[in-house]
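Beneath this line is the structure, given in structure tokens, with notes to follow.
All of the numbers you see were taken from the coordinates with simple rules; none came from a lab. These numbers were taken from a predicted model, which means no experiment stands behind them. Cβ sites come from the backbone with ideal geometry, for glycine too, and all protein chains shown count toward neighbours.
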Amino acid sequence: MKLEQTHIGRRGLLIGAVSLTAALAGCTTTASQNAPTPLVARRPLGPPSEAEMALRYAALEDEGHQLPAVPFKQIDPKFYRQRVENTTGEPAGTIVVDTPSKFLYVIEPGGTAMRYGVGLGRAGFAWEGEGVIQWRQKWPRWKPPAEMIARQPELAKYSVENGGQEPGPSNPLGARALYIFKDGQDTLYRLHGTKEWSSIGKAVSSGCVRLINQDVIDLYQRVPYKARIVVKQ
């Protein structure tokens, strides 16, 4: 009789343990299913502090080339690199060039965008539409097109046939160049760096879309190959 009671008691304990485990598992599952979805962190918007600006536009060495500090206080603050609300209507991962406002945006998740001031040359106003960043290059060579050489014969030494201009801070393409293609064809439209910081926010004589060298280095890190780009006139 004692043996039978002991056997029943042990069975009861086992059944109870299994039931408790199942109940706990059920609670865990329920809690997981009801957990709130994490929100995308909202990062600070607008121009950073003056100390941060001094760091962003400080002199630096990049790929063996020396870049001077940018006197950012002489630039309109709206053209500083800064995070803003995404008002473009484009999804995350898209690059938007707003030529009338002379802004370039990299759209981020969560409703924000990194915005850069740009300068625009004649070529910068010559193309609009959608394309992809087909190619990116650090410290590219500059090879002026034949039409430019025809206007400025002194540039013939930098022609395609002569191998272009050596990379460096004085090169018109600056520290980085991003090449835009459409339907597999080169549009001849570029996003590139410049040492001429005073041209940011202005229409200039030549070139496509130019950014301060420190900004184009930052842009290069954010924009992958095949990124979609929209240019709005």
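Worth pointing out:
- Options Q233, W127, P167, ranked by Cα towards positive dipole end of the range 103-233, top entry (Cβ charges): P167
- Label-to-label distance, nm, for residues given as Q137 and Q221 (7 Å Cα→Cβ offset): 2.3 nm
- Proportion of all alpha-carbon pairs of the range 119-214 beyond 17 Å (%): 52 percent
- Sorted by Cβ neighbour density within 10 Å, fewest at the top, the residues V216, V132: V132, V216
- Antiparallel DSSP beta bridges within the range 50-232, percent to nearest 5: 80 percent
- Exposure proxy order (Cβ contacts within 10 Å, fewest to most) of E90, E61: E61, E90
- Efficiency of FRET from Cβ geometry, E161 and E85, R₀ 45 Å, rounded to 0.05: 0.40
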